[in-house]
Amino acid sequence: MSRVALVTGGMGGLGEAICIKLAALGYKVVTTHSPGNAKAAEWLQSMNNMGYGFKAFPCDVADFDSCKACVEQVTKEVGPVDVLVNNAGITRDMTFKKMNKADWDAVISTNLDSVFNMTKQVMDGMLERKWGRVINVSSVNGQKGAFGQTNYSAAKAGMHGFTKALALEVARSGVTVNTISPGYIGTKMVMAIPQEILDSKILPQIPVARLGKPEEIAGLVAYLSSEEAAFVTGANISINGGQHMF
Ligand code: CAA
């Protein structure tokens, strides 16, 4: 029987590439979209026209009750979640001087509270079934900090603290918990950075001298989701073209 993978924020960017890769490997793939996202149905239709067989449910990952309702629906309509990819995230980049409380709260709740909100819904089931994979999509900027990202860097670093603590608690029950820390990938989020900043400040710090590809991240998630990755837990895997060394 194929395993169920739930990828938050799978419509576009890294999440979409992860959904496509896991579907190609035979997982039943479910993703989430923001409640009221007018483009969700259209996206789902176009992906399923290509034969992926995705399901998609509304979920505000920053809201515990919304996550609870979403996972209940997934469990009922698709099956219990075996692989959870906490991928949904936002940026509100600005220098600390300009950042207000709302900018801080939005990023912390969407990028970090979400990890608790979603993982809480699936962990008991994984422990009962003695198999599970939780993969938290963090960032190189959680490892080294980034100019204009005090909120984002704090949330992404916090994710890995969560990963390590939970990995210890569930290690004996066949459940692994890992963080991946992508660098700058050619997605809409990165393309929103002013070109001049990208060219002058960011690209020079990437030894491989290019942006990453979403498929490269998806390949790592596929590995961590697999049987072969059972001995990897509590890890934070850098996938950033060498940028973490700068
Ligand atoms: N390092 C050093 N200095 C920087 C810098 C950087 N990365 N970015 C900007 N600066 C400097 C500028 O050169 C400028 O210096 P001067 O005043 O001497 O000219 C000064 O900071 C102010 O810069 P801006 O005029 O750009 O200021 P702003 O307030 O308009 O914008 C900003 C600031 C929003 C942080 C903007 O610079 C920006 O968007 N930077 C990119 C932030 C970033 O890397 N975000 C990552 C998004 S992708 C992502 O998050 C995915 C992932 O996980 C990797």
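The values are calculated or read from the model by the stated rules, or taken from the named source; none is laboratory data. These numbers come from a predicted model, not from an experiment. Here the Cβ positions follow ideal geometry from the backbone for every residue, glycine too, while neighbour counts run over all protein chains shown. Heavy atoms of the whole protein, side chains included, go into the accessibility calculation; ligands, DNA and RNA do not. Shrake-Rupley method; radii C 1.70, N 1.55, O 1.52, S 1.80 Å.
For the range 14-37, which residues satisfy the criterion of being part of a helix (DSSP H, G or I) and open to solvent by 40 Å² or more (accessible area, probe 1.4 Å)?
Taking the range 14-37 and keeping what is part of a helix (DSSP H, G or I), we get 14-24.
If the condition is that a residue be part of a helix (DSSP H, G or I) and open to solvent by 40 Å² or more (accessible area, probe 1.4 Å), then Glu16, Ile20, Lys21, Ala24 are the ones that fit.
Yes or no: Asp113 away from the ligand (no atom under 16 Å from the Cβ) and among the acidic types (Asp, Glu)? Quick ask: steps written out before the conclusion?
Details: away from the ligand (no atom under 16 Å from the Cβ): yes; among the acidic types (Asp, Glu): yes.
When the stated conditions are applied, Asp113 passes them.
Counting just the residues of the range 195-221 that are exposed (fewer than 13 other Cβ atoms within 10 Å of the Cβ) and of a type in the set (S, T, N, Q), which one comes out farthest from Met245 (Cα to Cα)?
For the range 195-221, the residue satisfying everything is Gln195.
In the range 183-206, which residues are in a loop (DSSP other than H, G, I, E, B), more than 8 Å from the ligand (Cβ to nearest atom) and not β-branched (Val, Ile, Thr)?
Result: Gly186, single match.
Every residue in the range 206-225 that is among the small types (Gly, Ala, Ser) and touching a residue at least 40 places away in the same chain (Cβ under 8 Å), please.
Ala218, Gly219, Ala222, Ser225
So Asn136 ticks every box in (1) in contact (Cβ under 8 Å) with a residue 60 or more places away in the chain; (2) buried (at least 24 other Cβ atoms within 10 Å of the Cβ) but one. Which box is left unticked?
Every listed condition holds for Asn136 apart from (1).
Restricting attention to the range 65-90, which residues are more than 17 Å from the chain's Cα centre (by Cα), closer than 27 Å to Ala102 by Cβ and either open to solvent by 60 Å² or more (accessible area, probe 1.4 Å) or among the hydrophobic types (A, V, I, L, M, F, W, C) (or both)?
Asp65, Lys68, Ala69
State whether the residues of the range 167-176 include one that is touching a Gly at 6+ places or on another chain (Cβ under 6 Å) and near the ligand (Cβ under 8 Å from one of its atoms).
There is no residue in the range 167-176 that is touching a Gly at 6+ places or on another chain (Cβ under 6 Å) and near the ligand (Cβ under 8 Å from one of its atoms).
Of everything in the range 93-106, what is of a type in the set (A, V, I, L, M, F, W, C) and surrounded by 14 or more Cβ atoms within 10 Å (Cβ to Cβ)? Give them in sequence order.
The answer is Met94, Met99, Trp104, Ala106.
Just to be sure I understand, how many residues within the range 107-124 are open to solvent by 20 Å² or more (accessible area, probe 1.4 Å) and either over 24 Å from Asn240 (Cα atoms) or without any contact (Cβ under 8 Å) to a residue 40 or more places away in the chain (or both)?
6
What tally of residues in the range 38-50 results from selecting those that are open to solvent by less than 60 Å² (accessible area, probe 1.4 Å) and either of a type outside the set (S, T, N, Q) or closer than 19 Å to Asn86 by Cβ (or both)?
4
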